[in-house]
Amino acid sequence: MKISIILCTRNRPQLVGPCLESLARQSFAEREILVIDQSTDDETGKQVRALGATHHPTTTVGLSRARNIGIRASRGDLLAFTDDDVVADAHWIRNLVEEYDRHPDIDLIFGRVLPKGEEGRSFCVLEGEEERRFPHRTRIPYGVGGGNNMTFRRRVVERIGDFDERFGAGAKLRGAEDVDFILRAFTAGLDILYSPRPVVYHRQWRDDEEMERM
């Protein structure tokens, strides 16, 4: 298996359907799709099974915990992560794999994140049009990329460990699990690449009050 796509979700069946459909339409065939489902009902599970992805229901809570379950269940040499509120470009995975082939010395690649349609209020965008390499000596984990378009080689986990479960949605520290992972990669001496070619589109589904509270 070349690449594993790991999608984590909890009680958001109204969002996960379009995301799953975009993953099922990927132009790169040598892949698997794993959905780590922390939902309290089976509405998401029905959609996952209908689209032929691998459903991993779990009673755990927390994004980092779900991502770690996905890592352990996956078979790919490359691990790709996205969120249930995005839609992936049809060539997202193909472009990622090609970037790793072009950069055999790079262990982590973050891709471009654009707002979906006219929902331009998204705060999760990363719109840079130029490829950028972040050498580990930078040690600044911000502006590198985000967890909704994040990939790394499996050997990264063997080197720095998996996601810290104190961070991320559903945990005491309700975010920054991706920032923590980037910082640990820099500290371990790994270089990171940002590429504009692998694209996902973020859907802003929160209203103004929810965004401010978040």
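The values are calculated or read from the model by the stated rules, or taken from the named source; none is laboratory data. All values reported here derive from a predicted model rather than from experimental measurement. Cβ atoms come from the backbone with ideal geometry, glycine included; neighbour counts cover every protein chain shown. For the accessible areas, the whole protein counts, side chains as well, though only heavy atoms, and no ligand, DNA or RNA atoms are used. Shrake-Rupley method; radii C 1.70, N 1.55, O 1.52, S 1.80 Å.
Points worth noting:
- Dipole magnitude (debye, nearest 20) for region 36-132, charges at Cβ of Lys, Arg, Asp, Glu: 440
- Cβ-based charge dipole, the chain, positive-most Cα from Ile140, Gly189, Leu15: Gly189
- Among the GluC sites (Glu not before Pro) in region 68-119, those placed in a DSSP loop whose Cβ has at most 15 other Cβ atoms within 10 Å are Glu118, Glu119.
- In the frame of its principal axes, region 13-160 has Cα extents of 45, 40, 30 Å, reported largest first.
- Computed [θ] at 222 nm, deg cm²/dmol, the chain (DSSP H ≥ 4; -39,500 (n - 2.57); rounded to nearest 500): -9000 deg cm²/dmol
- Judged by the mean number of other Cβ atoms found within 10 Å, the most tightly packed of the peptides 106-115, 140-149 leads the ranking 106-115, 140-149.
- Taking packing as the residue-averaged number of other Cβ atoms within 10 angstrom, the listed peptides 47-53, 15-21 run from highest to lowest as 15-21, 47-53.
- Solvent-accessible surface of region 44-153, taken per residue with a 1.4 Å probe and all protein chains present: 47 Å².
- Antiparallel DSSP beta bridges within the chain, percent to nearest 5: 35
- The share of accessible area on the chain that comes from carbon and sulfur is 47 percent, using a 1.4 angstrom probe.
- What you get for region 1-44, charging only the Cβ of Lys and Arg (+1) and of Asp and Glu (-1), is a dipole of about 240 debye around the Cα centre.
- For the chain, the dipole from Cβ point charges (+1 on Lys and Arg, -1 on Asp and Glu) about the Cα centre works out to 620 debye, to the nearest 20.
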